[in-house]
Amino acid sequence: MNVMEVLTAIPQPALKNLLAGAGVTSVTSRQNGIETAIRVLSDRAGRLASFLNASRCEKQIIMNAALSHQEYWAVMEFAGAVAASEKQAAGRAVEHLQQEGWLFRVRGGRLAMPEEVKQTAIACFASSVSEEELMIPEMAPASCTAVQDLFIFIETAAEEQWKLTKQGVIPKNTLKKLLSELNEGEELPDDRWRFGYGRHFSYYPDRFSLLYDCAFSEGWIEEKEHLIVKKKWEEGQELSVSAMLHRLFFSWLRQYRRAIPMLPLLCKLIRTILPDPGKALPESVIVKAVTPFTDGYCYDQPEDVITKRLLFVLTHLHVMDVREAGGERFYSSSQGAGKNLLRLVKNFY
């Protein structure tokens, strides 16, 4: 729906509330009120001020609606779309966002955000980092080591037929040897209170855990007395690099969303502020912009969720490129095999 359609459809009291929120107390006719409302909603400075003054919960609702293809929302859907710490505030936030002209109650009491308002919200969010953007030369696409290492893992498992421990995991010495053979090796976890998001996070390091979980969820491996490589892997071997990355990405998204419910939105926010491979942002700027849209998890603070659980994975899945300068990491959209994956992210999985 566009703004004119929405303003024509909303009841007169709702139109008056919108105008009152903008300081307009009298209009000569409904047509005059609609024209005035359009001017209010087209005022970029006023819209930016409204966005910046919005509460954390309100911003989560605004960006969920702005980055969604969903046309109509029930109030309870917005309560399910915000972080757990903000659910109690969602009802009040929806009411205030109607007064501020971000949401409109239309057919059957449902809420809508017109297309023009969506674009305004996206521009407001992107403006929070625009002064920090750096123009950079595009990086040549790197070889897809995540896919290569997935093949190395499964082919080695098929050849060596590892016997699993009582905990159902690959023995330490075997895993250590395997990790040394991967393109991007990792150390075995040794944190006494280690936690994570994968199937065997206590025993497997983060990147390998990601590969293992994908192989397990796709039905390519099975845990019995030994780690079994199933016949279904023959189909996996036929996948292209981009198709295999697609499997890895959405396996991660489905599994990590249990711990980080806001993960789909976080992915879309990253794409909003870094749509162009020729532009980069410092890690600190990305963290500051995106952190308000998620809670922490266990020992992870919200900032850790962004750096360790989001940016870390996106770089390993060739969705983002990272380079270092002056002691700071800079991220940009990748030109590699994973460059289009963020475009495929929807609200729920």
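Each value in this text was obtained by applying a stated rule to the coordinates, not by laboratory testing. Here the structure is a predicted model, which means the values were calculated and not measured. Reconstructed Cβ throughout: ideal geometry from the backbone, glycine too, with neighbour counts over all protein chains shown.
Couple of notes before you dig in:
- Straight-distance candidates among the lysines for linking to Lys166, with alpha-carbon spacing under 26 Å and chain neighbours fewer than 8 residues away dropped: Lys176, Lys177, Lys224, Lys230, Lys231, Lys232.
- Prolate/oblate/rounded label for the chain (Cα gyration tensor, a/c 1.5): prolate
- Judged by the ratio a/c of the largest to the smallest principal axis of the C-alpha gyration tensor, the stretch 250-344 counts as oblate, that ratio being 1.5 or greater while a/b is no larger than b/c.
- Sequence-distant lysines (8 or more away, or on other chains) whose Cα lies within less than 29 Å of Lys87: Lys16, Lys59, Lys118, Lys268, Lys288, Lys308, Lys346
- Between Leu48, Leu239, Leu179, the Gaussian network model of the chain with springs among Cα atoms under 10 angstrom shows the greatest mean-square fluctuation at Leu239.
- Judged by the ratio a/c of the largest to the smallest principal axis of the C-alpha gyration tensor, the stretch 152-267 counts as oblate, that ratio being 1.5 or greater while a/b is no larger than b/c.
- Estimated 222 nm signal from helices in the chain, with DSSP H stretches of n ≥ 4 weighted -39500 (n - 2.57), rounded to 500: -14000 deg cm²/dmol
- Listing Phe249, Phe216, Phe125 from fewest to most neighbouring C-beta atoms within 10 Å gives Phe216, Phe125, Phe249.
- Per-bin percent of Cα-Cα distances, the stretch 3-127 [5 Å]: 2, 11, 23, 25, 22, 12, 4, 1, 0
- Each other residue within a Cβ distance under 10 Å of Phe51 adds +1 if Lys or Arg and -1 if Asp or Glu, for a net charge of 0.
- Relative contact order of the chain, pairs being alpha-carbon contacts under 8 Å that are 6 or more residues apart, as %: 17
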